[in-house]
Amino acid sequence: MAYDFDLFVIGAGSGGVRAARFAAGFGAKVAVAESRYLGGTCVNVGCVPKKLLVYGAHVADELEQAQGFGWTLGESHFDWGTLIANKNREIERLNGIYHNLLVNSGVTLLQGHARITAAHEVEVDGQRYSAERILIAVGGWPQIPDIPGKELAISSNEAFYLKELPRRILVVGGGYIAVEFAGIFQGLGATTSLLYRGDLFLRGFDGSVRTHLKEELEKRGLDLQFNSDIQRIDRQDDGSLKATLKEGRELLADCIFYATGRRPMLDDLGLENTGVELDERGYIRVDDQYQTTEPSILAIGDVIGRVQLTPVALAEGMAVARRLFKPEQYRPVDYQNIPTAVFSQPPIGTVGLTEEEAVKAGHEVQIFESRFRPMKLTLTQVQEKTLMKLVVDAETDRVLGCHMVGPDAGEIVQGLGIALKAGATKQQFDETIGVHPTAAEEFVTMRTPTR
């Protein structure tokens, strides 16, 4: 049977755009449907605008430290509206780039809601298209717990478009989004509290990293409230919000921001018209080649619930395009040793196994840890310390994990990710000459195990 398209991609986020562009480049006839914004979560309400806000918040640190370097500054003033307007302009520019990437690669772009009506058929705004294969790349969506007053809270989607900076804000959650936004709001001048129902945030990260970041955030004056959860939210007569906690305490704020998880964006997707199955967590079930339980349909990115990171979705999109249309170039995605960063203040960079994961996996480990005050801060009154940590297999000398909390952590760990991918040993780290004077050289000068 002749189809309208060889591949119909639903979702123009990072993974979908990558798959579509390269499939078209390999000679396939490709369409992409997107109902919201080109570039997906990352470009519009995720990592890109978040990083821009992090840069904005970090300016406060630079102003504080300037005096130690001889600078006398006048009175400073922050304007939230200017930052958001400039951010919006940059996002619009990136939207245009994504549009041009698709169109110039020969992809048919359909801007409307796509709904699957059969195993080989998609409907967009009343028009039906046939496709030999359909790729679902619709991503995720933030979710707020079903509590009384939930409609009074915001998620990360709305946080990027607030009309003004809240004077008092409660950030609820213990993952990286919650930690990052708490740092953003506090850095820009809001009185900020971070509430988390567990004992310590960033579950799954290395224990030393979690503890160190907690200590540094407390130094900065961030109000951390662990083992706390909101039972209900009520609007006060003056317009403020009252959060009643499960233990009975009450907190007042001008904004309550939930970062307590994301769900796959399956709304009105039409999966009931196919044989696609969901896993026990509600994500689309796929095999190692991103094949769903419906032979003609594949899925990648956040909607499959594996590693929910933009570069991973890009790699998955590339893998699908190559396997389908350029099989001689196909390589499976390697999910081991994926470097990642948390743009907290100070930021985290990490790659490989945590100490806890290495021990659980049966490795006899040596731990190398260093805590020091960065050189940049020695002329200032700031007492922030950087943490660097190596997890090493004592038997093979292979470096299993690298972890850092401190300035430029993400930039530094990217290079270390290559080393771990190549199977570097601690001896090879030790024999590498450091770049002096930098913080990064500490990773190749730690000689004595701390335990």
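The values are calculated or read from the model by the stated rules, or taken from the named source; none is laboratory data. Here the structure is a predicted model, which is why all the values come from computation and not from measurement. As a convention, Cβ positions derive from the backbone with ideal geometry for all residues, glycine included, and neighbour counts pool all protein chains shown. Just so you know, the surface numbers come from the protein's heavy atoms only, side chains and all, with ligands and any DNA or RNA stripped out. Shrake-Rupley method; radii C 1.70, N 1.55, O 1.52, S 1.80 Å.
Observations on the model:
- For the chain, fraction of C-alpha pairs farther apart than 40 Å, in %: 26 percent
- Formal net charge of residues neighbouring Val45 (Cβ-Cβ distance under 12 Å; K, R +1; D, E -1): +3
- DSSP bridge pairs, segment 140-271: antiparallel proportion in percent, nearest 5: 45 percent
- Sparsely packed GluC sites (Glu not before Pro) within segment 245-336, loop by DSSP, other Cβ within 10 Å at most 11: Glu247, Glu280
- Kirkwood Rh in Å, taken over all unlike Cα pairs in segment 32-103: 14.4 Å
- 3J(HN,Hα) along segment 110-120, derived from phi through the Karplus expression 6.51 cos²θ - 1.76 cosθ + 1.60 where θ = phi - 60°, amounts to 10, 9, x, 6, 9, 10, 6, 9, 6, 4, 10 Hz, with x in place of Gly and Pro.
- In a reduced charge model with +1 at each Lys and Arg Cβ and -1 at each Asp and Glu Cβ, the chain shows a dipole moment near 360 debye about its Cα centre.
- Computed label-point distance, nm, for sites Thr378 and Glu92 using a 7 Å Cα→Cβ extension: 4.7 nm
- Segment 51-130 and segment 148-163 have their alpha-carbon centroids 18 Å apart.
- Protein accessible area in segment 84-219, 1.4 Å probe - carbon and sulfur %: 46 percent
- Sparse-neighbourhood loop sites, GluC sites (Glu not before Pro) in segment 373-451 - DSSP loop, at most 16 other Cβ within 10 angstrom: Glu395
- From helices alone, the chain scores -9000 deg cm²/dmol at 222 nm; the rule is -39500 (n - 2.57) for each run of n ≥ 4 DSSP H residues, then divide by the residue total.
- Of the beta bridges in the chain, as assigned by DSSP with both residues counted there, near 60 percent are antiparallel.
- Estimated distance in nm for a label pair at Gln428 and Phe78, the labels positioned 7 Å out from Cα along Cα-to-Cβ: 4.3 nm
- Bridging of Lys421 to aspartates and glutamates at a Cα separation below 13 Å is possible for Asp334, once same-chain residues fewer than 8 apart are set aside.
- With the highest mean first, a sort of the peptides 196-202, 48-54, 131-137 on other beta-carbon atoms found within 10 angstrom per residue produces 131-137, 48-54, 196-202.
- DSSP H segments from the chain that extend 20 Å or more along their own axis, Cα-based, with Kyte-Doolittle mean of -1.0 or above: 47-66, 80-104, 310-325
- Accessible area in square angstrom per residue, segment 232-299, 1.4 angstrom probe: 50 Å²
- Environment charge at Leu7 (Cβ cut-off 10 Å; Lys +1, Arg +1, Asp -1, Glu -1): 0
- Largest first, the three principal axis extents of the alpha carbons in segment 185-271 are 47, 41, 30 Å in whole numbers.
- For segment 299-451, relative contact order (Cα pairs under 8 Å, six or more residues apart, normalised by length) works out to 21 percent.
- Take 9-18, 282-291 and order them by the average number of nearby Cβ atoms within 10 Å per residue, most first; the result is 9-18, 282-291.
- Residues Asp397 and Val435, FRET efficiency given R0 of 22 Å [Cβ-Cβ distance, rounded to 0.05]: 0.45
- The translational diffusion coefficient of segment 284-364, from Stokes-Einstein at 4 °C and 1.567 mPa s with a Kirkwood hydrodynamic radius over alpha carbon pairs, comes to 88 µm²/s.
- Taking label positions 7 Å along the Cα-Cβ direction at both Ala60 and Lys219, the computed distance is 1.7 nm, reported to one decimal.
- A dipole drawn for the chain from +1 and -1 charges on Cβ atoms has a positive end, and of Thr260, Ala33, Ile134 the residue lying farthest that way is Ala33.
- Length released on extending from Glu151 to Asp238, taking residue separation times 0.36 nm less the Cα-Cα span: 29.6 nm
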